[in-house]
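Heads up: the structure comes next, in structure tokens.
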Amino acid sequence: MKHRLTTLSIATLVAMGGFAIAAQAADLPTIRVLATGGTIAGAQASATDYGYKSGAYDVNSLLKAVPNLDKLAVITGEQVANIGSQDMNDEIWLKLAKRVNAVLAEPGTGGILITHGTDTLEETSYFLSLVTKSDKPVVMVGSMRPATAISADGPGNIYNGVAVVADPRAKGKGTLVVLNDTIHYARNVMKTDTTSVQTFQSLNRGPAGVVHTGKIEWFEAMDRKLGPASEFSVDTLDRLPRVDVIYAHANMSADLIDAAIRNGAKGIVVAGVGDGNMTTPALDVLTKAAKSGVVVVRSTRLAEGITLRNNEVNDDEKGFVASGELNPAKSRVLLQLALTKTTDPVRIQKMFYEY
């Protein structure tokens with residue numbers, strides 16, 4: 001079945017070794033769009049169907065659906081992957097991060113926009129914020145409705161995302177996430193609703209700013225290390241250490257913890273109850289694992305709040321790391337990168353304070 005991409009109008013196109021949007025002024029920034037698939041590139045069998053196929057459209061089709069991009073920047077598009085973000089993995093992360101660094105190192109490139117599925121967007125964005133070696137803007141966008149939906153949100157998010165990349169004030173802010181007229185720092189943002197277009201929230205700290213029809217207002221600056229200030233690099237990496245997330249609940253068993261370690265996990269993140277707590281059997285097994293060299297991070301399954309060190313659980317005694325503001329998914333990202341540097345929980349705790 002052929003699908004028709006929802007459009008309002010099509011910007012002026014020219015061929016520049018791929019897709020490009022013609023600039024109307026010589027002083028417009030040059031922006032590269034790296035596409036990875038997701039709902040923003042998805043297609044329904046019909047406009048009334050709930051289900052859809054992620055990654056049905058390529059980057060050229062996505063950009064053609066957004067009017068007036070040529071007034072914001074000179075844009076070229078590149079397809080890095082075309083998947084639903086539930087299938088995002090370490091291999092694509094490394095490929096994407098290396099491509100981001102290579103593109104940003106090109107003298108003529110002013111910044112990057114990345115299109116991505118929303119399911120793991122918060123993880124990919126945080127990963128990129130830790131390994132991008134340029135202070136040029138990197139903005140990630142997605143959508144909650146597929147491209148064929150009656151009220152697709154993808155084109156508006158792309159337009160606003162390009163506007164943020166083109167804003168000189170975005171320089172040095174690390175990887176940003178732009179959806180539903182809101183700008184988020186990658187470290188703070190999380191997906192909070194399964195289907196709402198207002199799903200992305202920065203619950204503990206609030207958003208980085210707002211953007212409406214390309215007009216931007218910035219709020220507080222980020223006070224944690226990111227971008228070039230980060231000690232992490234993907235240049236020599238072809239894989240990342242295995243880190244598993246274990247979800248805590250009433251009557252939690254230690255079986256899944258044992259299985260993760262047997263299968264090669266170098267780190268365990270616990271999505272704990274309350275302030276990162278868990279059952280006594282789980283706590284005992286993790287204490288033993290931490291003393292044998294597996295790095296254990298306590299986070300929380302709750303949407304808001306801070307997992308404090310030595311609160312409820314004696315992290316000093318057990319050799320654990322407390323995640324602070326980072327949720328389990330982002331704790332996993334930071335721990336994977338931390339393990340490329342050290343297995344010392346004291347040093348890794350310091351990283352969780354700094355990043």
>> Based on this model, can you work out whether LEU256 counts as open to solvent by 50 Å² or more (accessible area, probe 1.4 Å) and more than 23 Å from VAL346 (Cβ to Cβ)?
In response: yes
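Within region 89-121, can you find the residues that are among the polar types (S, T, N, Q), more than 17 Å from GLY142 (Cβ to Cβ) and either open to solvent by 60 Å² or more (accessible area, probe 1.4 Å) or not in a helix (DSSP H, G or I) (or both)?
Here is the first cut: in region 89-121, the residues among the polar types (S, T, N, Q) are 89, 101, 109, 115, 118, 120.
Next, from what is left, pick out any that are more than 17 Å from GLY142 (Cβ to Cβ): 89, 101, 109.
Selection gives ASN89, THR109.
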> Between a first residue in region 244-261 that is under 21 Å from LYS330 (Cβ atoms) and a second residue that is among the aromatic types (Phe, Trp, Tyr), which pairs have beta carbons less than 9 Å apart while being 6 or more apart in sequence or on different chains?
Replying inline: LEU256/TYR247
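Being modelled with pLDDT of 95 or more, more than 24 Å from ASP119 (Cβ to Cβ) and among the β-branched types (Val, Ile, Thr) narrows it down to one residue among VAL245, VAL294; which is it?
Working: VAL245 fails: more than 24 Å from ASP119 (Cβ to Cβ).
None of the others qualify; the one that does is VAL294.
Out of region 132-146, which residues are touching a residue at least 60 places away in the same chain (Cβ under 8 Å) and either out of contact with any His (no Cβ under 8 Å at 6 or more places or on another chain) or acidic (Asp, Glu) (or both)? Reasoning before the result, please.
Step one: filter region 132-146 for residues touching a residue at least 60 places away in the same chain (Cβ under 8 Å), giving 132-135, 141-146.
If the condition is that a residue be touching a residue at least 60 places away in the same chain (Cβ under 8 Å) and either out of contact with any His (no Cβ under 8 Å at 6 or more places or on another chain) or acidic (Asp, Glu) (or both), then THR132, LYS133, SER134, ASP135, SER143, MET144, ARG145, PRO146 are the ones that fit.
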>> Can you tell me which residue is modelled with the lowest pLDDT among those in region 12-53 that are open to solvent by less than 30 Å² (accessible area, probe 1.4 Å) and part of a loop (DSSP other than H, G, I, E, B)?
In response: ALA22
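The values are calculated or read from the model by the stated rules, or taken from the named source; none is laboratory data. Predicted model, so just to flag it, every value in this text is computed and none were measured. No Cβ is skipped: glycine too gets one built from the backbone with ideal geometry, and neighbour counts run over all protein chains shown. Just the protein is used for accessible areas: all its heavy atoms, side chains included, with ligands, DNA and RNA removed. Shrake-Rupley method; radii C 1.70, N 1.55, O 1.52, S 1.80 Å.
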